[in-house]
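The values are calculated or read from the model by the stated rules, or taken from the named source; none is laboratory data. Since the model is a prediction, treat every value here as computed from it, not as a measurement. Positions of Cβ are backbone-derived with ideal geometry, glycine not excepted, and every protein chain shown enters the neighbour counts. Note: accessible area is taken over every heavy atom of the protein model, side chains too, but ligands, DNA and RNA are not part of it. Shrake-Rupley method; radii C 1.70, N 1.55, O 1.52, S 1.80 Å.
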Amino acid sequence: MDKWILLFKLEMKRVKNSIPSMLIGMAIFIAIIMGLSLVSFGVQKNFNKVSSNYQIALVEKEENMYTGLVMETVDSLTTGKTTFQLHHVGREEALAGLTNGKFDAAFIIPDSFFDDMIMGRDTKLEVHYGGAPATVISFVIADLTDVATNYVTLSERCFYSSKELLQKRNVAKGDEYDVALTMPFINLLLERNNIYATKQVSTTDDMSFTPYYICVGLILVFLLLGLQSSGFLSKHQRDLERKLQVAKVSSFYQILAKYLALFVCYAALYLCIILGIFIAKPEYGLRALCIFPVLIPICAFLVFIYEFIENTANAILTLFVTVISLGFISGYFFPLSMLPKAFVKLSSWTLTRLMLDFAQDCMNHQGWIFHFLLMMLHAVILFALTVLIRNYKLRK
C-alpha cells in the first residue's frame, strides 16, 4: 500500500504539469461551445418567429364560390390555424397591409383563375411577399398543391372504381349505389383532421434550452479536454511499470493511480466551471453540480484510449474522431428526431447518450438511478479493459 501511495503522489505531480495546457484547452472548448450555443439560441428565436401564425391576404375582384370553399376548408383545419390565416380583402388593402406589417403575404387571384383551371388553361397567381420569408410561403404553396393534387387523383380513382364495379356486376339502381359508395369517401375526404395527427417534437429532449446546453457543454468539455491531457496520459514508462509489477504493484493499482490522479484534476476543474455557472445562474449551478458523476466514466474512457493506443498523435486523433462521432449519434449536435432510426437505436447503447440522459435526469429532478448504474457499468468495463491491456503489454 505504501508503494501505491507513492505511485499515486508521483502521478499527481505528473498531472500537475499538464494543468496549464488543460486550462487553456478548457477555455478554448468553453468559448467554442458558448459560441455554438449563442448561434443555436439565435436560430431558436428565429424559429419561434418562423413558426408563428402568418397572416395571408387573399385578393379577388368578385368572390368566387371556390374561393369561399377554400377559405372555409382552411379555417376548419386545426393545423392550418397554427400556421397561417387567410383574409379576403381588396387589392389596395392587401398591398397596404404588406407595407405596414398587417399581412405577411398576399395572393392576388385573376378573375378567370378558377374557370381557366377547370378548363385546363394555365393562369398564374400573383404573389406578394411581406414579412414572411419567401421560402416559407413557397413551402406552403407546394404543400397545398401536393395535397390538392393527391385528393383530386384519389377522388377520381374512387369514383371511377365504384362505377366500374357496379357496371361489371350489372347492379340495378347503379346511381343510388354509386352515391352510397362515394358519399362516405367524400365525408372522409373533408374530415381531414381525422386523416392525420400532429406531433410537436422538441429539439432539446423536453428540456428548456439553457439546461440542455449546460449538460451537453459539460460533457463535451471534459471529453475533449482529453486532447490536452495527452502529456500526462500518453507517457508510458514500460520499464518502470514492469519494475512496479515485480514490486507487487499490479497493473490494477498502476491504472488506479493514474485514473484517480486524472479524476482529482478534472474534479477541481469541474468545480471551477460550476462556480462560474452558479455566479451567472444559481439555480442552474446547483443542478449542474449533480452531474458531477459523469466524470467517473469520462476519466475511465480517456485512460482506456491512451492505454490502448500508445502513439500520442494517433491517440489524439482517435479520441477526437470518436468523441465527435459519438456526440453526433447521441443527439449532442442535432435532435435525435432528425437522425436516422438506426442512429437512434445505436445511440441508446453509447456512453455519451447515457451520460446525457443522466445529466437530463439530474436537471429535471427525475429518477436518475437507472442511467447512473448503466453509466457506472460502462466505467467498470472500460477500467477492466485498460487493466487487461496493461497486463498484455507488460508481458510482451
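Quick notes
- Output for the stretch 85-120, where each listed residue is over 16 Å from Glu60 (Cα atoms), at pLDDT 80 or above and of a type in the set (A, V, I, L, M): Leu98
- Boolean, Ala261 is under 21 Å from Pro20 (Cα atoms) and touching an Asp or Glu at 6+ places or on another chain (Cβ under 7 Å): yes
- Applying the criterion of being over 14 Å from Pro297 (Cβ atoms) and in contact (Cβ under 8 Å) with a residue 24 or more places away in the chain to the residues of the stretch 347-364, the residue that is most open to solvent (accessible area, probe 1.4 Å) is Asn364.
- Within the stretch 87-103, residues that are more than 11 Å from Tyr129 (Cα to Cα) and open to solvent by 30 Å² or more (accessible area, probe 1.4 Å) have Cβ atoms under 7 Å from residues that are at pLDDT 85 or above and not in a helix (DSSP H, G or I) in no pair, counting only partners at least 6 apart in sequence or on another chain.
- The stretch 209-235 - residue that is open to solvent by less than 40 Å² (accessible area, probe 1.4 Å) and part of a loop (DSSP other than H, G, I, E, B) and, of those, modelled with the highest pLDDT: Ser229
- Any chance Tyr306 is under 27 Å from Cys272 (Cα atoms) and of a type in the set (Ser, Thr, Tyr): yes
- Considering only residues in the stretch 337-391 that are among the hydroxyl-bearing types (Ser, Thr, Tyr) and part of a helix (DSSP H, G or I), the one that is farthest from Val321 (Cα to Cα) turns out to be Ser337.
- A single member of Phe320, Phe333 is closer than 18 Å to Val216 by Cα and part of a helix (DSSP H, G or I), and it is Phe320.
- For Gly42, the requirement of being modelled with pLDDT under 65, of a type outside the set (S, T, N, Q) and open to solvent by less than 90 Å² (accessible area, probe 1.4 Å) is met.
- Odd one out for Tyr306 among (1) free of Cβ contacts under 8 Å to residues at least 24 places away in the same chain; (2) hydroxyl-bearing (Ser, Thr, Tyr); (3) in contact with a Ser or Thr (Cβ under 6 Å, 6 or more places away or on another chain): (1)
- Top-ranked residue of the stretch 257-307 - restricted to ones that are basic (Lys, Arg) and part of a helix (DSSP H, G or I), ranked as farthest from Phe372 (Cα to Cα): Lys258
- Taken together, the residues in the stretch 322-340 that are loosely packed, with under 13 Cβ neighbours inside 10 Å and at pLDDT 80 or above amount to 1.
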